[in-house]
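Each remark here refers to the structure printed beneath this line.
Each value in this text was obtained by applying a stated rule to the coordinates, not by laboratory testing. None of these values were measured; they are calculated from a predicted model. Virtual Cβ from ideal backbone geometry, glycine too; neighbours counted across all protein chains shown.
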DNA sequence: ACCTGAACACCGTTCAAGT
DNA sequence: ACCTGAACACCGTTCAAGT
């Protein structure tokens, strides 16, 4: 018996309607990942093979569609964090979890752009997802504090803010490669480390040329 | 004799044209600060008392107008950093400078939203502004390293990324008050501190309710 | 019960016509 | 030399008409 999540789907609907909704979600996930939030609903509807009005029948507003996609990603992230906590034993988990989230957001433009946007404050289901990830991070912090990886006094919202900041760095400076991101994260690690515990900086300091490396043709 | 900065203004132009350009820049700064990048050019033109086409005569594209405003803000920030370096003596400067920039961006939506956007990679004058702030931060780091406030190996671009991240936190979680921002910055401070130097966290950890505190009516 | 193309309001940008 | 309202292409959203 599969765990049925509430996806806002009405109880009884025609098979084609359900199929359309699934296609829309899948296509939207792809298009939003590639193009970010400014992807047009027209393109999504077209690639899903339905009329624009059908899209709006399923998701009353463009923001609702975005929210539905982002909610899936957050659930996946939380699930992965839970798995790390179950199987991780006495290994460090909080920082690797942060790395996982930030690395993923680096290749999913819409995911990051939406974090902290309007929907995060107003949409009820988004608030619940928020609460779930806060709850997970609380346990990750406690786990890593017990092992001496994380400083005392650090809260889950503190950590969420650090993650948010690193995501901004990851997506807004797209010229920086993965190594530059790893270096940045190794720097941020010092913020969550207990006093006296030093983590060396990874790699070398990026230069201004690293910021401007990508030729226009590759945009 | 005033220091005349190149603002892209043609040598000889009619008095009304120069006035229009100035009004547009001033109004755009206000509107962009309040509404962010999605402010409409129509509103800016209207509040400046000119036709929309006049706006586009002065700034061929909306992005050009945004860039002009942001360039002014960056120049101001660099000037303030220089002043801090001249008058600061042996006081810590790098972290207070970061605090200044992030605090300002908190109330200037467009300023932050544009950092790291397209223009930062393509616009030549933006690249120059970038180089100027990198050069300043280089000297701030050297100054603070000499006094033991900042860890070895930290580069100016490292620092710019930390600032960018904190700006994202500041603007994307608008419910958080200034104290929450100060706490976050006190946390980030651990990332730039030399090993062994501990800065206590300011305030208490924010809760999920702090994130969702603002009622819809106040948006 | 659901789908759709056409229509609407809005936006960034351009242009023909004015002075 | 500069200004402007009207026009254009595009977008999110709605609606009347279909099956």
Query raised in the report: Classify segment A:8-76: rounded, prolate or oblate, from the alpha-carbon gyration tensor (a ≥ b ≥ c, eigenvalue square roots; a/c under 1.5 rounded; otherwise prolate if a/b is larger than b/c)?
Result: oblate
Query raised in the report: Can you give the angle from 0 to 90° between the axis of helix B:124-146 and the longest principal axis of chain B, with both taken from C-alpha atoms, to the nearest 10?
Result: 20
Report task. Take A:62, A:164 and order them by how many other Cβ atoms sit within 10 Å, fewest up front. Result -> A:62, A:164
Query raised in the report: Measuring from a point 7 Å out along Cα→Cβ, what nm distances, shortest first, does residue B:62 have to its partners in the other copies?
Result: 1.1
Query raised in the report: Inter-copy label distances at residue B:179, 7 Å along the Cα→beta-carbon direction, one decimal in nm, shortest first?
Result: 4.5
Query raised in the report: Rounded if a/c is under 1.5, else prolate if a/b beats b/c, else oblate: with a ≥ b ≥ c from the C-alpha gyration tensor eigenvalues square-rooted, which is the protein assembly as shown?
Result: oblate
Query raised in the report: How far is helix B:15-35 tilted, in degrees, relative to the longest principal axis of the Cα atoms in chain B, given as a value from 0 to 90 rounded to the nearest 10?
Result: 40
Report task. Calculate how steeply helix B:62-87 sits against the longest principal axis of the alpha-carbon atoms of chain B, using the helix alpha-carbon long axis, and give the answer as 0 to 90 degrees to the nearest 10. Result -> 40
**Report entry** Residue with peak Gaussian network fluctuation, chain B [Cα springs, cutoff 10 Å], from B:47, B:139, B:73
**Finding:** B:47
Report summary line: Candidates B:42, B:196, B:148; GNM for chain B (alpha-carbon contacts under 10 Å) flags as most fluctuating B:196
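Is the shape of chain B rounded, prolate or oblate, going by the alpha carbon gyration tensor and its root eigenvalues a ≥ b ≥ c, with a/c under 1.5 for rounded and a/b larger than b/c for prolate?
Because a/c hits 1.5 or more and a/b fails to exceed b/c, chain B counts as oblate.
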Report task. For a footprinting-style exposure proxy, rank B:209, A:64 by other Cβ within 10 Å, fewest first. Result -> B:209, A:64
**Report entry** Within a Gaussian network of chain A (alpha carbon springs, distance under 10 Å), most fluctuating of A:152, A:86, A:113
**Finding:** A:86
Report summary line: Output field shielding_mean for B:193-203 (other chain Cβ, 10 Å radius) holds 3
Query raised in the report: From the label point of residue A:122, set 7 Å along Cα to the beta carbon, how far off in nm is each other copy's matching point, shortest first?
Result: 3.0
Query raised in the report: Hey, got the average number of other protein chain Cβ atoms within 10 angstrom for residues in A:150-157?
Result: 5
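Using the 10 angstrom Cβ neighbour count as an exposure proxy, how do A:134, A:66, A:44 rank, fewest first?
Ordered by Cβ neighbours within 10 Å, fewest first: A:134, A:66, A:44.
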Query raised in the report: Per the helix-only calculation at 222 nm, which mean residue ellipticity applies to chain B, given -39500 (n - 2.57) for every DSSP H run of n ≥ 4 and division by its residues, nearest 500 deg cm²/dmol?
Result: -21000 deg cm²/dmol
